[in-house]
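Only one structure is covered here, and it is reproduced in the block below.
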4 protein chains.
Amino acid sequence: MITARTAIKVQFNHLDPMGVVWHGNYIAFMEAARSDLLGMIGYNYPEMDQSGYFWPIVDMKVKYIRPGRFGQVLDIQTTLKEYENRLCVDYLIRDAATGEKMTKASTIQVAVEKVSGEMQFRSPDCFITLVEAFGA
Amino acid sequence: MITARTAIKVQFNHLDPMGVVWHGNYIAFMEAARSDLLGMIGYNYPEMDQSGYFWPIVDMKVKYIRPGRFGQVLDIQTTLKEYENRLCVDYLIRDAATGEKMTKASTIQVAVEKVSGEMQFRSPDCFITLVEAFGA
Amino acid sequence: MITARTAIKVQFNHLDPMGVVWHGNYIAFMEAARSDLLGMIGYNYPEMDQSGYFWPIVDMKVKYIRPGRFGQVLDIQTTLKEYENRLCVDYLIRDAATGEKMTKASTIQVAVEKVSGEMQFRSPDCFITLVEAFGA
Amino acid sequence: MITARTAIKVQFNHLDPMGVVWHGNYIAFMEAARSDLLGMIGYNYPEMDQSGYFWPIVDMKVKYIRPGRFGQVLDIQTTLKEYENRLCVDYLIRDAATGEKMTKASTIQVAVEKVSGEMQFRSPDCFITLVEAFGA
């Protein structure tokens, strides 16, 4: 299981009138965390681009358990759940100080070949090779 | 079935380096659409606030079917799916010109009493009354 | 003087914990308004792109007079102030209902030739022609 | 002169179709940097709130020199330029690796008493005391 950890500090502009993080802002936190996970494997956005594929998000699920507050440091643990046919990532967001669960989420991405615009039903070999080399 | 329609035009700042709407921006589009639906019923954010309840999002699911592009007008149809125990909204985002499906989503909110901070297992009467008056 | 008008409705996710629009969100409102102005002239983002130039913002000034609130409709009047050597736009944001001034701003953009990456000290002819044809 | 340093890493969702940071996103970077500066002094957003004042931004100026790119680490140096009558902060954003100047900016905030809603023409004593204690 390939996992990464990312710390995000809640800023004033993340907050809504209730004084808690607006739920849509977690998607940006997850983007940063997924980027760290993929960067670790060596297949971050620039490498995706160079490999000739887009990887659009096709599915996203988020469960909000506790609200984030100003100055709180969020510890986001990302896990690569699937990579052979599609790229599935799980996210567990916890309060960095107490370990309390804040948010759970998952995303699914599929490879789309840039030249043809065709969705791939198997992940490109370049990605599979990087994942398996990293995991070994 | 209570439904509303909201039109959103894709702007430059919604786009990512692929030239399509970054997936996280749909959450803001859904926020505007849900606000129109709740405003129609007479229970938008100011009325929620005055009624003594917060309504945090506890669950969100999004399926991305086609990418949004610059200048495209998105037609968001919102449907109130549940209201008695929690507030569930479905979203169908289509291209306003062609009717093609772009994105499907759902959100679940629960009422939290401001004074006590307690989550409500039944929606407050004020909300139920408004929904039933509107629907009748 | 070439001017355009754009209406923007303040949404929940634009608000900060003070219950007013977070100052950074006005930049997105200005982006939508400038896009309407340039679209009217026939030189919106897709036409910029096709003409072989980027137009990065190099300077921005914003004065905040009154705070925007939930549900308020903002009337943004944009004026093309300069076009021959650089693209300067003024923004006057007013409450659509009362006409009260909310925010004043200005942006400056310069053309950068895509092929060479060189900043242009005179606007490209294609843009000047469109502005003068529109204004005439 | 009171100064602070903040590092921000450019993420995918900060980028526009040109592959560079959309100019409006720098306002969020500046918000995080100003929060670090004010936190160092002991007058961050929670302390502002407890002291009985809002501090809205009334003026902002930004000069964009070089575009930010994916994965780049930005080094934001903030300087408290005025504090007695209003809160003025200067921002110098540089590439963390090369020291190249990317963006220069400034913001002005004024205190507004929460109870009366009145703008203060002198900064509240609590803030002045904290600044002078820190600077001494």
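The values are calculated or read from the model by the stated rules, or taken from the named source; none is laboratory data. Keep in mind it's a predicted model, so treat the numbers as computed, not measured. Here the Cβ positions follow ideal geometry from the backbone for every residue, glycine too, while neighbour counts run over all protein chains shown.
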- Message: If residue B:90 meets every condition in (1) of a type outside the set (Lys, Arg); (2) under 15 Å from residue B:52 (Cβ atoms); (3) within 18 Å of the chain's Cα centre (by Cα) apart from one, which number is that one?
- Response: (2)
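Hey, can you tell me all the residues within segment B:10-24 that are of a type in the set (Phe, Trp, Tyr) and away from chain A (no Cβ under 13 Å)?
Here is the first cut: in segment B:10-24, the residues of a type in the set (Phe, Trp, Tyr) are B:12, B:22.
Matches in segment B:10-24: B:12 only.
Can residue A:129 be described as among the hydroxyl-bearing types (Ser, Thr, Tyr), modelled with pLDDT of 95 or more and assigned to a helix (DSSP H, G or I)?
Numbers: among the hydroxyl-bearing types (Ser, Thr, Tyr): yes; modelled with pLDDT of 95 or more: yes; assigned to a helix (DSSP H, G or I): yes.
Taking the combined requirement at face value, the residue satisfies it.
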- With the first residue restricted to segment D:80-98 and required to be touching a residue at least 60 places away in the same chain (Cβ under 8 Å), and the second required to be assigned to a loop (DSSP other than H, G, I, E, B) and among the polar types (S, T, N, Q), Cβ contacts under 9 Å at 6 or more apart or on different chains are D:96/D:72
- Conditions (1) free of Cβ contacts under 8 Å to residues at least 12 places away in the same chain; (2) touching a Gly at 6+ places or on another chain (Cβ under 7 Å) -> residue A:27 fails only (1)
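Taking segment A:10-23 only, how many residues are among the aliphatic types (A, V, I, L, M) and either surrounded by fewer than 22 Cβ atoms within 10 Å (Cβ to Cβ) or modelled with pLDDT under 95 (or both)?
So the answer is 3.
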- Could we say that residue B:108 is modelled with pLDDT of 95 or more, in contact with a Lys or Arg (Cβ under 7 Å, 6 or more places away or on another chain), within 20 Å of residue B:32 (Cβ to Cβ) and not basic (Lys, Arg) here? yes
- Selection status of residue D:50, more than 14 Å from chain C (Cβ to nearest Cβ) and either surrounded by fewer than 21 Cβ atoms within 10 Å (Cβ to Cβ) or in contact with a strand residue (DSSP E or B) (Cβ under 9 Å, 6 or more places away or on another chain) (or both): no
- Note on the structure: Over segment C:55-86, the set of residues part of a strand (DSSP E or B) and either modelled with pLDDT under 95 or more than 8 Å from chain D (Cβ to nearest Cβ) (or both) is C:69, C:73, C:74, C:75, C:76, C:77, C:78, C:79, C:80, C:81, C:82
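Residues of segment D:10-24 being among the aromatic types (Phe, Trp, Tyr) and part of a helix (DSSP H, G or I), which ones?
Here is the first cut: in segment D:10-24, the residues among the aromatic types (Phe, Trp, Tyr) are D:12, D:22.
Correct list: D:12 only.
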- Note on the structure: Among (1) more than 10 Å from chain A (Cβ to nearest Cβ); (2) touching a Pro at 6+ places or on another chain (Cβ under 8 Å); (3) on the phi < 0 side of the Ramachandran plot, residue B:43 falls short only on (2)
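A quick yes/no check of all residues on (1) crowded, with 20+ Cβ neighbours inside 10 Å; (2) facing another protein chain (nearest Cβ under 7 Å); (3) assigned to a helix (DSSP H, G or I):
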site: D:4; (1), (2), (3): no, no, no
site: D:8; (1), (2), (3): yes, no, no
site: D:26; (1), (2), (3): yes, no, yes
site: D:29; (1), (2), (3): yes, no, yes
site: D:38; (1), (2), (3): yes, no, yes
- Message: What's the number of the only condition in (1) at pLDDT below 95; (2) within 13 Å of the chain's Cα centre (by Cα) that residue C:26 fails to meet?
- Response: (1)
